[in-house]
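Structure, as structure tokens:
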Amino acid sequence: MSGILTAIKLREAGFTDFAIYEKADRPGGTWRENRYPGVACDVPSHLYSYSFAPNPGWSHVYSPGPEIQAYFEDVGRRYGVTESVRFGEEVTRCAFEGGRWQLETRSGTRDEADVVIAATGVLHHPNLPDIDGLADFAGACFHSARWDDAVPLDGRRVGVVGTGSTAVQIVSALVDRVARLSLFQRTAQWIMPQQNPPYSEAEQAEFRRNPALLRHIHDELSRLFAENFSNAVVDAESPQMKLIEEACRANLEGSVRDPVLREKLRPSYRAACKRLVISPDFYEAIQKPEAELVSEPIQRVEAGGVRTRDGRLHELDVLVLATGFRADRFMRPMQVVGREGTRLDELWAERPIAYLSVSVPGFPNFFMLNGPNGPVGNFSLIEVAELQLAYILQLVELLRAGRCREVSATAEATERFDVARTEAAKKTVWTTGCRSWYLDARGIPASWPWTFDRFREEMSRPRLDAYEQVP
Ligand code: NAP
């Protein structure tokens, strides 16, 4: 998503000498990798689109994953980006030496660049659970982002570990196909209800005829999303936050009939403390006779299935690990070496640090899209990347105009930002008592803790006094 965006915007800005490296053989990032049954985006499709490439053909308000993958491939082709991507080239190292970035790929290719932009995504590296005996399982076992299409599911006994956005979508999609679906829940999740109506042919035709309408819908959705959601989660006591909590509570009370199951599904923390799960049909799915919510902790995996602490063996043919991602990895395992041999891995040993999520002190002319401490979660990461890229291109412009040869955030500005965002994070709903991928090793939310409007404002123009510019 952000690599295609970068290529389009670089070209628009008049840059022609650039290369895009992609380790896979197709574009699409998260939408290429997540092919599990039921995969969809819970950001409205007309918002989850590039602002400059609206799509009149979205089938639903929240469209399924394969449609989103097709959209990115289509935009890449239409804007002439795909043919300039170097597929199958995984960058393993980039080092700032002699005033330029030296790149190496796994296949041995070497390249040199003035500027490097890491458009490598956030939720990318599967988090494999440390469950005893996992390797002993005799059936098929895979992470949700490594779906094995060769494994039959129909009429089989399927176990799903995890209750995040991914697991919820898998359960809803599979329950009617399998003989038995066991959902292993370590922590219950609040579920925000959300209807997902299809767009009629007449509506799609109208979108095609009227591009201004599509732009208006995009901007309106963005505004509503910021007001009602993004700005709510950063102020745990806001009235909008109370509305979200109320909607989740009413969903649980109104949808789950069996009081025992209802209590098992009731989280012990506040809604949106973890990344809010949005689903039109999860409660319905988990109440079907084929489904079982297993809230007893997993003791170990055995050849025949999952044994829970109460001694019961849940016999399974397939075990899906919907256990999330290592959200602090970013472009790693790529080795990034900055000025004077500083290694990013060492600088980030405790936690990723960056100024405004785009620049790292000591790493000149190196920028990140959707890097550490940016807005994540229920935002449209496309909008985030567009704003960040527009900001980064203003810094790159300093280089092109010859105002300096090297530009990177100062250590002081980065430290100030880190202290301020850590302080602001205390007010967010993410710190109200839950475990989640938003929290770093110290339990501090690693995402943007202010409003989306403030993010937009910060991204509108770099404050140059926060940057070291080497002539
Ligand atoms: P996730 O939200 O991190 O959830 C991981 C789940 O696995 C949690 O329920 C976690 O339990 C459980 N888990 C992890 N390790 C475990 C272990 N050792 N034993 C038992 N359970 C374990 O991951 P995700 O569902 O893949 O979602 C990640 C993010 O991707 C989402 O938050 C969202 O931002 C994005 N996403 C979006 C969509 C969408 O747009 N619809 C769909 C999918 C994903 P605990 O809660 O106890 O830690």
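Remark: S447 matches the filter, which requires a residue to be at pLDDT below 95 and surrounded by 18 or more Cβ atoms within 10 Å (Cβ to Cβ).
Here is a yes/no grid of residues against (1) open to solvent by less than 20 Å² (accessible area, probe 1.4 Å); (2) modelled with pLDDT under 95; (3) not charged (D, E, K, R):
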{"residue": "I8", "(1), (2), (3)": "yes, no, yes"}
{"residue": "E12", "(1), (2), (3)": "no, no, no"}
{"residue": "F15", "(1), (2), (3)": "no, no, yes"}
{"residue": "K23", "(1), (2), (3)": "no, no, no"}
{"residue": "V43", "(1), (2), (3)": "yes, yes, yes"}
{"residue": "L47", "(1), (2), (3)": "yes, no, yes"}
{"residue": "P56", "(1), (2), (3)": "no, no, yes"}
{"residue": "D74", "(1), (2), (3)": "no, no, no"}
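Of note, V301 does not satisfy the criterion of being among the β-branched types (V, I, T) and in contact with a strand residue (DSSP E or B) (Cβ under 6 Å, 6 or more places away or on another chain). Kindly provide the set of residues from region 367-393 that are open to solvent by 10 Å² or more (accessible area, probe 1.4 Å) and away from the ligand (no atom under 12 Å from the Cβ), ordered by number. If the condition is that a residue be open to solvent by 10 Å² or more (accessible area, probe 1.4 Å) and away from the ligand (no atom under 12 Å from the Cβ), then E383, E386, L387, A390, L393 are the ones that fit.
Conditions tested, residue by residue: (1) in contact with a helix residue (DSSP H, G or I) (Cβ under 7 Å, 6 or more places away or on another chain); (2) at positive phi; (3) among the hydroxyl-bearing types (S, T, Y).
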| site | (1), (2), (3) |
| --- | --- |
| P54 | yes, no, no |
| Y62 | no, no, yes |
| V75 | yes, no, no |
| V85 | no, no, no |
| E90 | no, no, no |
| G99 | no, yes, no |
| Q102 | no, no, no |
| L123 | yes, no, no |
| A140 | no, no, no |
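Can you pull out the strands (runs of 3 or more DSSP E) entirely within region 312-417 that have at least 1 residues that are under 15 Å from the mean Cα position of the chain (by Cα) and in contact (Cβ under 8 Å) with a residue 60 or more places away in the chain? So that I can check it myself, show each step before the final result.
Numbers: elements: 313-315, 318-321, 335-337, 366-368, 406-409.
Result: 366-368.
Looking only at helices (runs of 4 or more DSSP H) that lie completely in region 190-285, which have at least 1 residues being within 25 Å of G433 (Cα to Cα) and either without any contact (Cβ under 8 Å) to a residue 24 or more places away in the chain or open to solvent by less than 60 Å² (accessible area, probe 1.4 Å) (or both)? So the answer is 211-225, 239-255, 259-264.
Exactly one residue among A202, A271 is farther than 30 Å from R309 by Cβ and out of contact with any Gly (no Cβ under 8 Å at 6 or more places or on another chain), and that residue is A202.
Does D310 satisfy being within 16 Å of the ligand (Cβ to nearest atom) and either open to solvent by 60 Å² or more (accessible area, probe 1.4 Å) or acidic (D, E) (or both)? The answer is yes for D310. The residues on offer are D111, D130, and the sole one that is free of Cβ contacts under 8 Å to residues at least 24 places away in the same chain, of a type outside the set (A, V, I, L, M, F, W, C) and open to solvent by 30 Å² or more (accessible area, probe 1.4 Å) is D130. Whether any residue in region 433-446 is more than 14 Å from K274 (Cα to Cα) and within 15 Å of the ligand (Cβ to nearest atom) is what I want to check. Yes, region 433-446 contains at least one residue that is more than 14 Å from K274 (Cα to Cα) and within 15 Å of the ligand (Cβ to nearest atom). Restricting region 27-70 to residues that are polar (S, T, N, Q) and assigned to a loop (DSSP other than H, G, I, E, B), which is farthest from the ligand (Cβ to nearest atom)? Here the answer is S51. Under 20 Å from the mean Cα position of the chain (by Cα) and without any contact (Cβ under 8 Å) to a residue 40 or more places away in the chain - does that describe any residue in region 52-63? There is at least one residue in region 52-63 that is under 20 Å from the mean Cα position of the chain (by Cα) and without any contact (Cβ under 8 Å) to a residue 40 or more places away in the chain.
Taking the residues in region 168-189 that are more than 23 Å from the chain's Cα centre (by Cα) and among the basic types (K, R) as candidates, determine which candidate is least open to solvent (accessible area, probe 1.4 Å). Checked region 168-189; the qualifying residue least open to solvent (accessible area, probe 1.4 Å) is R180. In this structure, is S230 at pLDDT 95 or above and within 16 Å of the ligand (Cβ to nearest atom)? Criteria not met by S230. Scanning region 330-338 for residues that are at pLDDT 95 or above, more than 23 Å from W437 (Cα to Cα) and open to solvent by 10 Å² or more (accessible area, probe 1.4 Å) turns up at least one hit.
The values are calculated or read from the model by the stated rules, or taken from the named source; none is laboratory data. Please read all numbers here as calculations on a predicted model, not as lab measurements. Using ideal geometry, Cβ is built from the backbone for each residue, glycine included, and neighbour counts are taken over all protein chains shown. To get the accessible areas, we keep the full protein, side chains included, count just its heavy atoms, and leave off ligands, DNA and RNA. Shrake-Rupley method; radii C 1.70, N 1.55, O 1.52, S 1.80 Å.
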